[in-house]
1. Going down the list LYS95/LYS166; LYS69/LYS95; LYS69/LYS90, which pairs span over 27 Å between their C-alpha atoms?
2. For the ranges 105-113, 165-173, what's the packing order if you count other beta-carbon atoms within 10 Å of each residue, average per peptide, and put the highest first?
3. Let's test the formula: R0 of 35 Å, r as the Cβ-Cβ distance of ILE27 and LEU167. What FRET efficiency results, to the nearest 0.05?
4. Could you give the length gained on full extension between GLU147 and VAL72, defined as 0.36 nm per residue of separation minus the Cα-Cα distance, in nm?
5. If I compute solvent accessible area with a 1.4 Å probe over the protein chains, what percent of it on the stretch 56-183 is carbon and sulfur?
6. With every protein chain present, what is the per residue accessible area of the stretch 2-128 (1.4 Å probe, Å²)?
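The values are calculated or read from the model by the stated rules, or taken from the named source; none is laboratory data. Owing to the predicted nature of the structure, the values given are computational and were not obtained by experimental measurement. When we count neighbours, we look across all protein chains shown, and the Cβ atoms used for this are built from the backbone with ideal geometry, even at glycine. Surface areas here come from the heavy atoms of the whole protein model, side chains and all, with no ligands, DNA or RNA. Shrake-Rupley method; radii C 1.70, N 1.55, O 1.52, S 1.80 Å.
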Amino acid sequence: MENWIYPEMAILMKAILTVGIIFSVMIIITRLFGLRTFAKMSSFDFASTIAIGSILASVVMNANQSFLKASVALIGILLFQTLFAYLVRKSNFFKNLATNRPMMLMFKGKILYPNLEKTNVGESDLMAKLREANVIQLDEVLAVVLESTGDMSVLHSSEKNQIAKKLIEGVEGIPKREKKEEC
């Protein structure tokens, strides 16, 4: 019987063996499904990664879980993730239904407070991301975009450069007067 300080040697050996087997299965699955398996391109990818981690932890820590059951669950998640990515790529309707659109949080040195509110991002979170991007002055910031993955992209320059329109294509929350002008 296992106690909370000293587990039996058989339990430890099973945990070590399980880690080796399940990670071997993950390597094979990742090779079959590609690098997107653990990419964080969308909120769905993020959820898939969490689900995969949960399955891995369950099979390693719980002696009652089988390798086959875990492998089938992993393959099922990755097949669903692959189908989801395919539908997002091929169908604008599905893409609009299932994915978040990026949101402009700051544009040409100005904080867009209504967009911060819509996205539930605090000004202090925005400032932390600007510091992380080595921004020294707010007027250096050409744009800050809250990406569909939840990451913030900071586009800045010490020179007053223009933003390539392609970079902010599909981003919501750009001030209307700025959409008409050259970015």
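1. Among LYS95/LYS166; LYS69/LYS95; LYS69/LYS90, the Cα-Cα distance tops 27 Å for LYS69/LYS95; LYS69/LYS90.
2. Those peptides, ordered most packed to least, come out 105-113, 165-173.
3. E between ILE27 and LEU167, to the nearest 0.05, is 0.50.
4. On the way: separation 75, 0.36 × 75 = 27.00 nm, distance 3.18 nm.
Roughly 23.8 nm would be gained on extension.
5. 55
6. I get 66 Å² per residue for the stretch 2-128.
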